[in-house]
């Protein structure tokens, strides 16, 4: 199918020609395109800020849980377990589950 055969494409090209030949319409078109780009950029930046805040909260919660686990293990005189959970991620997860800290 060529451009001439598709009515939608023909109509679009006619509209583009009007915009191109009318300085005011051309300015309006450029302004609208810029507004759309600015809006999309704003949304992307807001999403990035939200992700950063969420990540910071998750890290903070994780640190609190680990500190709580370390404190419990120390109070219960489980020093071998404390040392092991520092080195062994899977074991640390088991202890967090055991103490209902996840």
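The values are calculated or read from the model by the stated rules, or taken from the named source; none is laboratory data. None of the values given here were measured: they were computed from a predicted structure. Neighbour counts are summed over all protein chains in view; Cβ atoms, including those assigned to glycine, are modelled from backbone coordinates with ideal geometry.
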Would it be correct to say that residue 15 is out of contact with any strand residue (DSSP E or B) (no Cβ under 6 Å at 6 or more places or on another chain) and surrounded by fewer than 10 Cβ atoms within 10 Å (Cβ to Cβ)?
-> no
Scan region 10-22 and report the pairs whose first residue is on the phi < 0 side of the Ramachandran plot and whose second residue is surrounded by fewer than 11 Cβ atoms within 10 Å (Cβ to Cβ) and in a helix (DSSP H, G or I), with Cβ atoms within less than 9 Å and a gap of 6+ or a chain change.
-> 10/3; 10/4; 13/3
Flagged in region 53-79 as free of Cβ contacts under 8 Å to residues at least 24 places away in the same chain, touching a helix residue (DSSP H, G or I) at 6+ places or on another chain (Cβ under 9 Å) and not in a loop (DSSP other than H, G, I, E, B), in numbering order, are 70, 73, 74, 79
Close pairs (6 angstrom Cβ cut-off, 6 or more residues apart or separate chains): part of a helix (DSSP H, G or I) in region 29-49, at pLDDT below 95 and surrounded by 10 or more Cβ atoms within 10 Å (Cβ to Cβ) anywhere | 29/19
